[in-house]
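Working notes for the structure below.
Only the coordinates and a few stated rules stand behind these numbers; no lab work does. If you're wondering where the values come from, they're calculated on a predicted model, not measured in any experiment. Glycine gets a Cβ as well: all are built from the backbone with ideal geometry, and neighbour counts include every protein chain shown.
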Amino acid sequence: MNWEEVVFETLFSSPTRNGVYKGKESHGSGVPIVNMGELFGYNRINSQKMTLIQMTDVEMDKSGLIDGDLLFGRRSLVEEGAGKCSMVYEPSTPMTFESSIIRVRLDREVADPEFYFNYFRSPIGRGKIRAIVSGAAVKGIRSSDLKSIKVHWPPLWEQIAIREVIATYDSLIEINQRRIALLEEIARRMYREWFVYLRFPGHESVKVVDGVPEEWETKSLSTVANVNERSIGAKDKPDEVLYIDISSVTPGTIEAVTRYSFADAPGRARRRVSHGDVIWSCVRPNRRSYALVWEPDEKLVASTGFAVLSAKEVPFSYLYCTITTDSFVGYLEANATGAAYPAVTAKIFEEAKVLVPDEKTLASFDINVLPLLEKMETLKRQNKALTKARDALLPKLMSGQLDVSGIKVMDLAAA
């Protein structure tokens, strides 16, 4: 299909706008403000937890956000982040956006916002953005360049039809994400109930001394888990590896792995991992870059920037829940050193104090929580498959290569 290309600005309902900047005295109350963290963390922005900023009615008229607004990152330390596009989707409350973000508001009579959100996360749209990225240490885009790029402009009915196809995948992914979050919350509530509030099965008949039930102990983490137990040595180099980089891990999830021949792999691709291991980024622990390793490929390795924790005296379900609590994250943050890149060492993990219940209680907890973790991992695998299928479809749809009229949305939903 041959779609017309138009200057992006011709599809706007109002001029582009950069976000607001205010001093510290204006922060802490008011309306939610979309910062770069939300822009990079979420494709659709609506009810996520955000910081608050005081805004007047006049300021909100100018810099407020509504459903369908497109947000572009003005600058980033890496080229891939410059111009990253997210969309405001059915916001539950009035909100605004910070000065490092550009707002684009489209004319819905000629342009479907969700179509163009998908357009700018497809290879075609990303290519358009890369062409206007500038800067050395910090990469960025300018509003004047963004509004001047040429974009494909299918008929509105076709934009909406394409949007609905992609939305089917996104909806399935979102449903699975909600199910994962629910399962995680059930596991964490059980952990808190049993091991923080000490309302574990049979607690009524157990004596508690100095806050610790009888037969329970407080031990160093190194006594219940090995830290960085296995690494690739000079004599056991594989032909290739599947590499987990720190940037590919979000709280609880390994988002992606990269295949390398070992000769071409980064020098940090050395930590061997096994089923049930927990990987924890040593850099910037406040970002919670940790994940449970589940039935890994034998070629899977993690960066040496991770601490790899392997349970030895407790079930890995208990280890995972213990070392991903707010209190454990607080311990890591308090012991991190370095200003620009606060980091902890393997020794900090080894010296952490953890509560170790009796074997019967641990076994009972594992019986209850392990199936939840297993179901979470199954849903994560499903989402990776859905994401891969969607991302393979995106460039074909966004180029007009695939006739959208021949795709049945209901068939996709049932697949």
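Some points to look at:
- Rounded if a/c under 1.5, otherwise prolate or oblate - the range 99-207, Cα gyration tensor axes: prolate
- The HN-Hα couplings worked out from phi for the range 319-327 by the Karplus form 6.51 cos²θ - 1.76 cosθ + 1.60 (θ = phi - 60°) are 4, 4, 5, 5, 9, 10, 6, 4, 5 Hz, whole numbers, x standing for Gly and Pro.
- Relative contact order for the chain, counting Cα pairs under 8 Å that sit 6 or more residues apart, in percent: 16 percent
- Placing +1 on the Cβ of every Lys and Arg and -1 on the Cβ of every Asp and Glu, with nothing else charged, gives the range 4-153 a dipole about its Cα centre of roughly 600 debye.
- Cα-based shape type of the chain, given that a ≥ b ≥ c are square roots of the gyration tensor eigenvalues and the cut on a/c is 1.5: prolate
- Cross-link check: pairs LYS150/LYS396; LYS49/LYS380; LYS84/LYS380; LYS237/LYS299; LYS219/LYS312 evaluated at a Cα-Cα cut-off of 20 Å; pairs beyond the cut-off: LYS49/LYS380; LYS84/LYS380.
- Residue-by-residue Karplus 3J(HN,Hα) for the range 61-68, coefficients 6.51, -1.76, 1.60, Hz, glycine and proline x: 4, 7, 10, x, 10, 10, 3, x
- The range 217-356 - charge dipole about Cα centre, Lys and Arg +1 at Cβ, Asp and Glu -1, debye rounded to 20: 300 debye
- Nearest-0.05 FRET efficiency for SER13 and LYS49, computed from C-beta distance (R0 35 Å): 0.75
- Backbone phi angles across the range 265-273, fed through the Karplus curve with coefficients 6.51, -1.76 and 1.60 (θ = phi - 60°), yield HN-Hα couplings of 6, x, x, 7, 6, 10, 7, 7, 10 Hz in residue order; Gly and Pro are listed as x.
- Among VAL208, MET36, VAL227 the positive-end extreme of the charge dipole of the chain (Cβ point charges): MET36
- Extending 7 Å from Cα along the Cβ direction at GLU204 and again at SER99 yields two label points whose distance is 6.2 nm.
- Mean Cα-pair separation over length for the range 217-356, i.e. relative contact order, pairs under 8 Å, 6 or more apart, %: 33 percent
- Amide H contacts of THR250 (H built 1.01 Å from N, under 5 Å, at least 5 apart or other chain): GLU255
- Taking Cα centre as origin and charging only the Cβ of basic (Lys, Arg, +1) and acidic (Asp, Glu, -1) residues, the dipole magnitude of the chain rounds to 940 debye.
- Ranked by how many other beta carbons lie within 10 Å on average, peptides 5-12, 157-164 from highest: 157-164, 5-12
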